[in-house]
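*Asks:* Could you have a look at this structure, given as structure tokens, before my questions?
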Number of protein chains: 2
Amino acid sequence: MTNSVYIATSLDGYIASSNGSLEWLNHFPNPTDSDYGYHEFMDGIDAIVMGRKTFDIVSSFSTWPYSKKVFVLSHSLKDIRPDLVDQVELVSGDLNAIVKKLQQAGYHNLYIDGGQTIQSFLKKNLIDELIISKIPILLGGGIPLFSAEHPMLQFDHCSTEVFEGGLVKSHYKKFEPFCSSPFLF
Amino acid sequence: MTNSVYIATSLDGYIASSNGSLEWLNHFPNPTDSDYGYHEFMDGIDAIVMGRKTFDIVSSFSTWPYSKKVFVLSHSLKDIRPDLVDQVELVSGDLNAIVKKLQQAGYHNLYIDGGQTIQSFLKKNLIDELIISKIPILLGGGIPLFSAEHPMLQFDHCSTEVFEGGLVKSHYKKFEPFCSSPFLF
């Protein structure tokens, strides 16, 4: 069971503008039309878990962007619009219970997306893998990836890749006491 | 004239614990006793500019850690203690004027250090170079490197180096419109 974060942030740690827009990412130069490893990552996951705000944004796109099942964490949403009922399912309640339920349903590798959802998973120490792509810009404000509301969590660095345009993608896995040496605990 | 930031942060962007302590950095494993390029960087700078809080911390060390002149930004400090008067000078006032004055005195390459001082320089778009080393830990709180009080600033990625233990050091230079293509402006 692996819960993974795969996300791009500015150098100052923002994942979106204050209004939730990802427009700044679309302007980042990509001369070789790289997907930065996105499809390879998506091939390895079984389902996506996202919050209602992220769902609102992606469901406004002209085409639905995911081939994998999407679980939307929401207490307020009651229904999924008819054209998405096969792709999207609403979930709510305790995160540990949700993850256990998804695991039992065969969804072992989850892509955890959206600022608040990632923060909720970190608060419960439920993130196993962080794949963070740094874009060389200081946005100076917006929606941050991390909040100061989770415990101290140690990770192991797995790999770092630099792409044309200056995107730096680093892959981290949760520190496992039996695999490597702790430096703080 | 280059104003450089050379600093280590946690994955969530903190440079120190809430009380200003850098103790968490001392526990990071360094089996080959690497200096992560610190001395090479220090060889290239002419002076250090830091805030009063950073000065309070470094001046409490048992030995003074710098061979280069240190300028301390402070409105409140009136005197430098006798054993440091040759190494340390107090400066205050407008940052542009301070930088110009230092340049005229022959200090062309400045190491800008300390969270608040770095943020003050960013607010005035006075940072030319960012060298940021990411430590694979989420601290979950502390003193952040970046604040949301500066304008949007674009940088060019120069290089990224991964060190044993998982420290990822990335070097960025301020975007220069005549050297590379903008992606947002």
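*Asks:* Report, for B:Gly44, each distance to the same residue's label point in the other copies, shortest first and in nm; define the point 7 Å along Cα→Cβ.
*Replies:* 3.3
*Asks:* Just the number please: accessible area per residue for the protein assembly as shown, 1.4 Å probe, all protein chains included, in Å².
*Replies:* Here the residues of the protein assembly as shown average 48 Å² of exposed surface.
*Asks:* Just to be sure I understand: if you take the accessible area of chain A alone plus chain B alone and subtract the pair, with a 1.4 Å probe, what total do you get in Å², rounded to 100?
*Replies:* On the way: alone 10340 and 10330 Å², together 17770 Å².
That pair hides around 2900 Å² of surface in total.
*Asks:* Using 0.36 nm per residue of separation minus the Cα-Cα distance, give me the extension gain between B:Ala97 and B:Met42 in nm, one decimal.
*Replies:* On the way: separation 55, 0.36 × 55 = 19.80 nm, distance 2.38 nm.
Extra length available between B:Ala97 and B:Met42 comes to 17.4 nm.
*Asks:* Distances in nm, one decimal, shortest first, from A:Val162 to the same residue in every other copy, taking the label point 7 angstrom along Cα→Cβ.
*Replies:* 1.3
*Asks:* What does the helix-only formula give at 222 nm for the protein assembly as shown: each DSSP H stretch with n ≥ 4 adding -39500 (n - 2.57), the total divided by the residues, and the result rounded to the nearest 500 deg cm²/dmol?
*Replies:* Working: 10 runs with 72 residues, N = 370.
Rounded to the nearest 500, it is -5000 deg cm²/dmol.
*Asks:* Note down the accessible area of A:His108, probe 1.4 Å, to the nearest 10 Å².
*Replies:* 80 Å²
*Asks:* Distance between Cα centroids, segment B:108-163 to segment A:79-153: provide it in whole Å.
*Replies:* Between the Cα centre of segment B:108-163 and that of segment A:79-153, the gap is 27 Å.
*Asks:* Rounded, prolate or oblate: pick one for segment A:43-108, where a ≥ b ≥ c are the square roots of the eigenvalues of its C-alpha gyration tensor, a/c under 1.5 means rounded, and failing that, prolate if a/b is larger than b/c, else oblate.
*Replies:* oblate
*Asks:* Then there's this: Which one, B:Ser170, B:Ser133, B:Ser62, has the greatest fluctuation when you compute a Gaussian network model over chain B with C-alpha springs under 10 angstrom?
*Replies:* Highest fluctuation of the listed residues: B:Ser62.
*Asks:* Still on this structure, I have one more. Using a 1.4 angstrom probe on protein heavy atoms only, which residues from segment B:25-46 are buried by at least 40 Å² of accessible area when all chains are present rather than their own chain alone?
*Replies:* B:His27
*Asks:* Quick check: Cα centre of segment A:48-76 to Cα centre of segment B:23-75, how many Å?
*Replies:* First find each Cα centre; the distance between them is then 46 Å.
*Asks:* Also, quick follow-up: When only DSSP loop residues count, what chymotrypsin sites (Phe, Trp or Tyr not before Pro) in segment B:56-111 have their Cβ near at most 11 other Cβ atoms within 10 Å?
*Replies:* Of the chymotrypsin sites (Phe, Trp or Tyr not before Pro), the ones in loops of segment B:56-111 whose Cβ has at most 11 other Cβ atoms within 10 Å are B:Phe61.
*Asks:* Over segment A:2-174, what is the mean sequence separation of C-alpha contacts under 8 Å (at least six apart), divided by residue count, expressed as relative contact order in percent?
*Replies:* 36 percent
*Asks:* Still on this structure, I have one more. Can you give the accessible area of A:Thr63, probe radius 1.4 Å, in Å² rounded to 10?
*Replies:* A:Thr63 exposes around 100 Å² with every protein chain in place.
*Asks:* Just how much of B:Asp79 is accessible, in Å², when a 1.4 Å probe is used and the result is rounded to the nearest 10?
*Replies:* Its heavy atoms expose roughly 120 Å² to the probe.
*Asks:* Given a 1.4 Å probe and every protein chain left where it sits, what share in percent of the accessible area of the protein assembly as shown is carbon and sulfur?
*Replies:* The computed percentage sits at 50.
*Asks:* Contact order normalised by length for segment B:92-185, with contacts defined as Cα pairs under 8 Å and 6 or more residues apart; what percent is it?
*Replies:* The normalised contact order for segment B:92-185 reaches 27 percent.
*Asks:* Need one word for the protein assembly as shown: rounded, prolate or oblate. Basis is the Cα gyration tensor (sqrt eigenvalues a ≥ b ≥ c); a/c below 1.5 gives rounded, then a/b vs b/c decides.
*Replies:* Values: a/c = 2.24, a/b = 1.80, b/c = 1.24.
Note, shape of the protein assembly as shown comes out prolate.
The values are calculated or read from the model by the stated rules, or taken from the named source; none is laboratory data. The shown structure was predicted, so the numbers you read here are calculated from the model rather than taken from an experiment. In this analysis, Cβ positions are derived from the backbone assuming ideal geometry, glycine residues included, and neighbour counts consider all displayed protein chains. Surface accessibility is based on the protein's heavy atoms, side chains included, excluding ligands, DNA and RNA. Shrake-Rupley method; radii C 1.70, N 1.55, O 1.52, S 1.80 Å.
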